[in-house]
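Everything below concerns the one structure shown next.
The values are calculated or read from the model by the stated rules, or taken from the named source; none is laboratory data. Quick caveat, the model's predicted, so the values are computed rather than measured. For neighbour counting, all protein chains shown are included, and Cβ atoms are generated from backbone atoms with ideal geometry for every residue, glycine included. Quick note on the areas: whole protein, heavy atoms, side chains included, nothing else; ligands and nucleic acids left out. Shrake-Rupley method; radii C 1.70, N 1.55, O 1.52, S 1.80 Å.
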Amino acid sequence: MKKLILMLMLFAPMTMFAQKFGHVDAQAVMQSLPEFAKVRGELEAQAKQYENDLMAMQTEIQNKMKDYETQKPTMNTTKQQETEAQIQAMMEKFEQARNDNAQAFQKAQQEKMQPITTKVINAIKAVGKNGGYVYIMDVSAGIPYISDTLSKDVTNEIKAEINKMK
């Protein structure tokens with residue numbers, strides 16, 4: 001009897017302190033959401049518009065440079081300097097537009113993706129709390145190895161949790 005009690009006392013702490021670990025492919029969860037596809041389409045359309053605008057500006061600069069090269073021999077020095085200044089201003093405007101577009105795109109991406117990211121994070125937290133997990137790691141973040149025997153893939157549980165949130 002004493003041995004049984006001693007064995008229970010030795011193994012009880014191990015079972016009481018057993019920790020649960022989970023992992024999720026958060027990128028796959030996000031990509032499975034209908035709102036992600038909508039946002040991605042909107043962002044792609046915006047990126048295409050920015051690209052078209054920049055291409056139009058670039059074509060305008062190239063045409064201006066071509067005209068300048070053909071007319072340069074007949075221009076006086078003042079006209080050459082004015083045209084060169086115009087081309088330089090157009091190039092600066094192009095660079096500024098490219099930088100502005102990149103910043104605007106990044107801001108739009110953050111604003112549109114934030115609700116989706118928040119939704120996924122809240123689902124991960126809910127699954128973690130309800131399932132008694134110590135950690136749920138995101139494998140899409142580049143974790144090189146996760147033990148399948150010590151960590152459970154909770155991706156489907158998180159997708160189900162998101163569906164309950166709707």
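Observations, loosely collected:
- Peptides 102-111, 154-163 ordered by average Cβ neighbours within 10 Å, highest first: 154-163, 102-111
- Over the residues of the chain, the helix contribution to mean residue ellipticity at 222 nm works out to -27000 deg cm²/dmol, using -39500 (n - 2.57) for each DSSP H run of at least 4.
- Cα-based helix-to-principal-axis angle, 34-71 vs the chain, degrees rounded to 10: 20 degrees
- Amide hydrogen neighbours beyond the local backbone of LYS20, cut-off 5 Å, H modeled: VAL134
- Label assignment, semi-axes √(5λ) of the Cα gyration tensor in Å derived from the structure, set [x] 63, 17, 11; [y] 22, 17, 16; [z] 25, 16, 16: [x]
- Carbon and sulfur %, accessible surface of the chain computed with the full protein complex present, 1.4 Å: 57 percent
- Listed pairs LYS107/LYS159; LYS38/LYS164; LYS64/LYS107; LYS48/LYS93 exceeding 22 Å between Cα atoms: LYS107/LYS159; LYS64/LYS107
- Between the range 44-83 and the range 104-164, the alpha-carbon center distance in angstrom: 48 Å
- Charged-residue dipole, Cβ positions (Lys, Arg, Asp, Glu), the chain about Cα centre, Debye nearest 20: 1160 debye
- Convex hull (Cα only) mean projected area of the range 86-134, reported in nm² to one decimal: 4.2 nm²
- Summing charges over all other residues whose Cβ lies under 12 Å from the Cβ of GLN106, with Lys and Arg as +1 and Asp and Glu as -1, gives 0.
- Heavy-atom accessible surface of the chain, averaged per residue, reaches 73 Å², computed with a 1.4 Å probe.
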